[in-house]
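Have a look at the structure below, then the notes.
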Amino acid sequence: MNKKETSTENDFIKELLKNPIKLDMEYYNITNIWYKKNNYEELKILGSGAFGVTYLVKDINTNKNFVLKVIRLNSNNLKDVYNEIAILKKIAKHGCKANLLCFVKNYVDIENRLMYIVTDVFENSMTLTDFISKYQKCNKIINTYKLLKIMKGLLKAIVYLHKLGIAHADLKPENILINDKLEVQIIDFGISCTKNCIVQGTLLY
């Protein structure tokens with residue numbers, strides 16, 4: 001990103017904080033334009049909510065899958081979105097680990113007030129919440145071996161984060177993915193911090 005682009009983005013951030021804009025738009029139509037410009041193809045929607053929409057996409061040039069998160073920016077989420085990008089870049093700079101979300105790139109669409117964040121994809125996975133729920137519905141118990149394997153993966157990820165001076169600050173089942181091999185990946189670094197951390201996150205955790 002050159003100095004002119006950086007200046008434009010900084011001006012946009014200042015303006016957004018002063019004059020928050022509520023937008024009612026179709027993510028798909030705008031994102032579809034972004035796909036074409038960046039050689040991605042949408043495969044399916046992975047999830048949606050107040051944060052925005054998450055897609056599984058394919059890089060047409062490499063045939064490799066990625067996750068694309070599209071976030072509608074406003075004065076309430078702006079700080080967390082840019083904080084998450086900074087944390088993800090720091091992790092990627094020191095080498096991506098299988099049990100941590102790996103950053104690829106991001107792009108801010110100033111005109112439409114959207115942030116695009118591309119990360120790696122954790123194949124054949126679900127949230128730990130859904131994993132636990134699946135066992136509960138079948139009235140099954142997660143045996144000790146599986147629990148230890150899950151905890152080992154989580155602890156390795158947390159230790160690595162702490163070595164980088166990062167506190168996740170919101171570890172909970174919704175922010176942990178688990179695949180069919182019982183490997184885990186920590187996601188959602190929106191309120192993570194590197195210094196002057198304050199207690200926040202989800203109260204019950």
List every residue pair whose Cβ atoms lie under 6 Å apart, where the two residues are 6 or more positions apart in sequence or sit on different chains, the first residue falls within the stretch 159-180 and is within 18 Å of residue 87 (Cα to Cα), and the second residue, located anywhere, is of a type in the set (Ser, Thr, Tyr) and open to solvent by less than 30 Å² (accessible area, probe 1.4 Å).
166/192; 168/192; 169/192
By residue number, the members of the stretch 115-137 that are open to solvent by less than 80 Å² (accessible area, probe 1.4 Å) and not polar (S, T, N, Q) are 115, 116, 117, 118, 120, 121, 122, 126, 128, 131, 132, 135
Out of the residues in the stretch 89-107 that are of a type in the set (D, E, K, R) and open to solvent by less than 80 Å² (accessible area, probe 1.4 Å), which is farthest from residue 165 (Cα to Cα)?
105
What is the one condition in (1) assigned to a loop (DSSP other than H, G, I, E, B); (2) under 17 Å from the mean Cα position of the chain (by Cα); (3) among the hydroxyl-bearing types (Ser, Thr, Tyr) that residue 48 does not satisfy?
(1)
Could you run through the stretch 138-183 and say how many residues are closer than 18 Å to residue 124 by Cβ, open to solvent by 70 Å² or more (accessible area, probe 1.4 Å) and out of contact with any Leu (no Cβ under 8 Å at 6 or more places or on another chain)?
3
What pairs come out if I take residues in the stretch 102-131 that are closer than 29 Å to residue 7 by Cβ and pair them with residues that are among the acidic types (Asp, Glu) and open to solvent by 60 Å² or more (accessible area, probe 1.4 Å) whose C-beta lies under 9 Å away, six or more apart or interchain?
110/11
For residue 78, indicate whether it is in contact with a helix residue (DSSP H, G or I) (Cβ under 7 Å, 6 or more places away or on another chain), open to solvent by less than 70 Å² (accessible area, probe 1.4 Å) and at pLDDT 85 or above.
yes
Within the stretch 73-112, which residues are closer than 19 Å to residue 11 by Cβ and touching a Lys or Arg at 6+ places or on another chain (Cβ under 6 Å)?
73
Within the bounds of the stretch 184-193, is there any residue that is farther than 30 Å from residue 62 by Cβ and either assigned to a loop (DSSP other than H, G, I, E, B) or open to solvent by less than 90 Å² (accessible area, probe 1.4 Å) (or both)?
yes
Determine if the stretch 64-73 includes at least one residue that is touching a residue at least 24 places away in the same chain (Cβ under 8 Å) and within 20 Å of residue 171 (Cβ to Cβ).
yes
Just need a number here: residues in the stretch 179-198 that are acidic (Asp, Glu) and closer than 20 Å to residue 54 by Cα.
1
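The values are calculated or read from the model by the stated rules, or taken from the named source; none is laboratory data. Computed from a predicted model, the values in this text were never measured in an experiment. We place every Cβ from the backbone using ideal geometry, glycine too, and count neighbours over all the protein chains shown. Protein only, heavy atoms only, side chains kept; ligands, DNA and RNA dropped before computing areas. Shrake-Rupley method; radii C 1.70, N 1.55, O 1.52, S 1.80 Å.
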